[in-house]
Amino acid sequence: MRLDCYDVGTYTPGAPYWKQVLWYFLGFPLVKSYWLPMSALKVWLLRIFGAKIGRNVRIKPGVRVKFPWRLSIGDHVWIGEDAWIDNLAQVTIESHVCLSQGVYLCTGNHDWTHPDFKLMTAPIHIQESSWIAAKAVIGPGVTVGRGAVLTLGGVTARSLEPMTIYAGNLAQPVKQRKVIYGLRRAKRKTEKIIAELDRDGVEE
């Protein structure tokens, strides 16, 4: 291959040059900073630069985001120390997702059959209630199904099925995930269902 002939082709970063520069020199260092541990400030900065972020999102120190304008995060999401969201393409993280320490979300790749090492990008979508454990890696074009788990150091370049635990490099399904609710939570869910039924009865 000839790296001196490398060209990004039709790819664009998705924001004007001034915005990229401002993010690189101001927003990026502040979001990553260990001197500013407050999640609220980091969320505010990401929103200012175009990220769509829900309620009660926790962002730990050391987190890196390539392009906030290509990031969508739901409610009650945890992002651990030194996670790297390398979002050349869109990254969508639904509600109640946990990204543990050192997770790498990679949306870019190269065509090794192309003489000029052509750039290829594809989005990543992590569905609700999934857990990506520490040091795990997710490749371009992957959808993580609802409630799936990618264990410590796992690597995947293909989509993961819902409510399934995956391990290894390349990640393989290990077993189904079963969530055991405590008595208190089960009681709250039952009370909620009864309240909804009562409300429906009143409306009728």
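Per residue, how large is the accessible surface of the chain? Use a 1.4 angstrom probe and give square angstrom.
Per-residue accessible area for the chain comes out at 60 Å².
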Fraction of alpha-carbon pairs over 14 Å apart in the stretch 53-93 - percent: 44 percent
Starting at the first residue of the stretch 29-41, write each ³J(HN,Hα) from the Karplus equation 6.51 cos²θ - 1.76 cosθ + 1.60 with θ = phi - 60°, in whole Hz, x for Gly and Pro. x, 6, 5, 6, 4, 7, 7, 10, x, 6, 4, 4, 5
Could you pull the Cα extents of the stretch 27-136 along its three principal axes, largest to smallest, in whole Å? 46, 29, 24
Radius 15 Å from Cβ of CYS98, net charge of other residues (Lys, Arg +1; Asp, Glu -1): 0
Taking alpha-carbon centroids only, the stretch 107-163 lies from the stretch 10-83 a number of Å equal to 20 Å
Of TRP78, TRP69, which has the most accessible area with a 1.4 Å probe, and how do the rest follow in descending order? TRP78, TRP69
The equivalent-ellipsoid semi-axes of the stretch 103-190, taken as the square roots of five times the Cα gyration tensor eigenvalues and listed largest first in whole Å, are 33, 13, 9
What are the semi-axes of the equivalent ellipsoid of the chain, taken as the square roots of 5 times the eigenvalues of the Cα gyration tensor, listed largest first and rounded to whole Å? 34, 22, 16
Among PRO162, PRO115, PRO140: highest mean-square fluctuation, GNM of the chain, C-alpha pairs under 10 Å: PRO115
Whole-percent carbon and sulfur contribution to the accessible surface of the stretch 1-125 (1.4 Å, no ligands, DNA or RNA) stands at 61 percent
Provide the net charge surrounding TYR6, with neighbours chosen by a C-beta distance below 13 Å and charges set as Lys +1, Arg +1, Asp -1, Glu -1. -2
Within the stretch 9-93, list the trypsin sites (Lys or Arg not before Pro) lying in a DSSP loop whose Cβ has at most 15 other Cβ atoms in a 10 Å radius. ARG55
Build a GNM of the chain with springs between Cα atoms under 10 Å: which of LEU105, LEU41, LEU71 gets the top mean-square fluctuation? LEU41
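The values are calculated or read from the model by the stated rules, or taken from the named source; none is laboratory data. What you see is a predicted model, and the numbers here were worked out from it, not measured in a lab. Note that each Cβ is placed from the backbone with ideal geometry, even for glycine, and that neighbours are counted across all protein chains shown. With ligands, DNA and RNA removed, areas are computed over all heavy atoms of the protein, side chains included. Shrake-Rupley method; radii C 1.70, N 1.55, O 1.52, S 1.80 Å.
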